[in-house]
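The values are calculated or read from the model by the stated rules, or taken from the named source; none is laboratory data. Please read all numbers here as calculations on a predicted model, not as lab measurements. Cβ: placed from backbone, ideal geometry, glycine included. Neighbour counts: every protein chain shown.
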Amino acid sequence: MIAASATNTIAIVISLIFVVGWIVYAVMNRSAGKAEIGSEIELAANRKEYYDDEELEGHRLQRMQLLGVLLLATITIGLPAYWLAEPSRQHNTIEGKANRFISWGSGLFAPTAEGGFNCAGCHGGMNGAGGAAPYTVTDSKTGEVKAVTWKAPALNTVFYRFDESEVRFILVYGRPFSPMSPWGIDGGGPMNAQQIDTLLAYLKSIQIPREDCVVADANPLNCEGGHLPVTEQEKIQAAAQKTVDDGTYGSIGEALFNLELSSGAYSCARCHTPGWSWGEPGQTGSGAFGWNLTGGATNTHFATEQEMINFIKAGSKYGAKYGIQGQGSGRMPGFGDLLTDEQIQQIVNYVRNEL
């Protein structure tokens, strides 16, 4: 495809040719005119001797015809050529804007030493594969304050779990009770709306490529309808199976609930088990950032197993009704694009029957 810059250059050259042509024509026409013999009284302009018929119908007429043909050819060829290049120009303009946003966003994501806001420092480098962040926690019973190393979630799968509006909300307002502070101006942070937009563009660019993706429009970053590649899902299953085989966990569902997924996405225990985020997990599923799931508590949230499965797949949408008199807060991510239906079923079996 012709690049947008090349199209602009062609348009500028054609415009310059027109301008220069008109200037040359004006100069030549002026120099060809005869000087006045005298005042208007001696010889009026309409009485001056003009070209004779032989000259008018000879070289002068031929020159004007040639000029007309050249201008007609320019229009005939130039306009269709510009029209043919227009789709490429529009596509390249959209792609160029996306690439600029990604570049600007990468600068914001970069470590402090490189002039960024150090997102990479917590989330595992520029590819956002998951990392760690220093944090202090307070024991609710003893009041003891201690420094911990918080497992920062991967961002290369964040759009598998949340839609863009939810990610934007997290960036702007942060995650209370975690190292994730507000970064948008509305939340008290340093970034304006355009900076948040560029950061979102960069996050989209580092996502693990989806499988069976439906491209929503000309922008490849707006990939929808895809799921985590089978190879990544197989890694998750293999990691879970290994912990069952070595006796760490009693079932695949328990392993998937507690493991940090190999894709870098966090597990159920991150939100539903206290202390999991800094490596000191308490009672499994007893509640932290998310609900207490122990003692059959899920039966009070969801009357049927299928309702719970649907909730885990889609995640919590702010204000939406769920289960038995439940209302979404937007904090629960969706796992339908990360895990297989069988894996989600195994997690549900574990939560409903073993916790």
Condition first: closer than 23 Å to SER178 by Cβ, surrounded by 20 or more Cβ atoms within 10 Å (Cβ to Cβ), touching a Gly at 6+ places or on another chain (Cβ under 6 Å) and touching a residue at least 60 places away in the same chain (Cβ under 8 Å). Can you find one or more residues in region 293-303 that meet it?
yes
If we ask which residues in region 287-316 are at negative phi and small (Gly, Ala, Ser), their number turns out to be 6
Subset of region 286-314, residues more than 35 Å from the chain's Cα centre (by Cα) and hydrophobic (A, V, I, L, M, F, W, C), comes to ALA297, ALA303
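Within region 275-285, is there a residue that is under 26 Å from HIS227 (Cα atoms) and in a helix (DSSP H, G or I)?
The initial filter retains those residues of region 275-285 that are under 26 Å from HIS227 (Cα atoms), namely 277.
Checking which are in a helix (DSSP H, G or I) leaves us with 277.
The answer is yes, given that some residue of region 275-285 is under 26 Å from HIS227 (Cα atoms) and in a helix (DSSP H, G or I).
Those residues that are closer than 20 Å to LEU203 by Cα, outside any strand (DSSP E or B) and either of a type outside the set (S, T, N, Q) or at pLDDT 95 or above (or both), I need them from region 125-139; list them, please.
Our first condition is that a residue be closer than 20 Å to LEU203 by Cα; within region 125-139, this holds for 125-133.
Restricting the remaining residues to those that are outside any strand (DSSP E or B) gives 125-130.
If the condition is that a residue be closer than 20 Å to LEU203 by Cα, outside any strand (DSSP E or B) and either of a type outside the set (S, T, N, Q) or at pLDDT 95 or above (or both), then GLY125, MET126, GLY128, ALA129, GLY130 are the ones that fit.
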So, first residue free of Cβ contacts under 8 Å to residues at least 40 places away in the same chain in region 317-335, second residue among the aromatic types (Phe, Trp, Tyr) and in a strand (DSSP E or B), Cβ within less than 9 Å, six or more apart or across chains; the pairs are GLY328/TYR322
**OP:** Examine region 292-300 for a residue that is hydrophobic (A, V, I, L, M, F, W, C) and more than 30 Å from PRO134 (Cα to Cα), and state whether such a residue exists.
**Re:** yes
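Among the helices (runs of 4 or more DSSP H) lying completely within region 53-124, list those that include at least 2 residues that are more than 25 Å from the chain's Cα centre (by Cα), surrounded by 11 or more Cβ atoms within 10 Å (Cβ to Cβ) and at pLDDT 80 or above.
On the way: elements: 53-56, 59-109, 119-123.
Helices (runs of 4 or more DSSP H) meeting the threshold: 59-109.
Are any residues in region 172-190 of a type in the set (A, V, I, L, M, F, W, C) and more than 16 Å from GLY121 (Cβ to Cβ), and if so, which ones?
Restricting attention to region 172-190, the residues satisfying the condition of being of a type in the set (A, V, I, L, M, F, W, C) are 172, 177, 180, 183, 185.
Across region 172-190, the qualifying residues are VAL172, PHE177, ILE185.
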Being in a helix (DSSP H, G or I), out of contact with any helix residue (DSSP H, G or I) (no Cβ under 7 Å at 6 or more places or on another chain) and of a type in the set (S, T, N, Q) narrows THR231, THR142, THR198 down to just THR231
Would you confirm whether any residue within region 154-170 is of a type in the set (Ser, Thr, Tyr) and touching a helix residue (DSSP H, G or I) at 6+ places or on another chain (Cβ under 8 Å)?
-> no
In region 179-206, anything among the charged types (D, E, K, R) and surrounded by 20 or more Cβ atoms within 10 Å (Cβ to Cβ) is listed as LYS204
When region 156-178 is checked residue by residue, the ones that are in contact (Cβ under 8 Å) with a residue 24 or more places away in the chain, crowded, with 18+ Cβ neighbours inside 10 Å and either assigned to a strand (DSSP E or B) or not aromatic (Phe, Trp, Tyr) (or both) are ASN156, THR157, VAL158, ARG161, GLU166, VAL167, LEU171, VAL172
For GLY143, the lone unmet condition from (1) at pLDDT 90 or above; (2) more than 23 Å from PHE335 (Cα to Cα) is (1)
Conditions (1) under 24 Å from LEU155 (Cα atoms); (2) at pLDDT below 85; (3) touching a His at 6+ places or on another chain (Cβ under 9 Å) -> GLY328 fails only (3)
LYS321: passes all of (1) touching a strand residue (DSSP E or B) at 6+ places or on another chain (Cβ under 7 Å); (2) under 27 Å from GLN237 (Cβ atoms); (3) surrounded by fewer than 17 Cβ atoms within 10 Å (Cβ to Cβ) but (2)
Here the qualifying pairs (Cβ atoms under 9 Å; residues six or more apart or on different chains; first in region 47-72 and on the phi < 0 side of the Ramachandran plot; second outside any helix (DSSP H, G or I) and among the aromatic types (Phe, Trp, Tyr)) come out as LEU56/TYR50; ARG60/TYR51
**Prompt:** Could you say whether any residue in region 167-179 is modelled with pLDDT of 90 or more, within 23 Å of CYS271 (Cβ to Cβ), outside the structural domain of TRP278 (by TED's automatic domain parsing) and among the hydroxyl-bearing types (Ser, Thr, Tyr)?
**Reply:** yes
In the set PHE302, PHE311, the lone residue that is at pLDDT below 90 and of a type in the set (Phe, Trp, Tyr) is PHE302
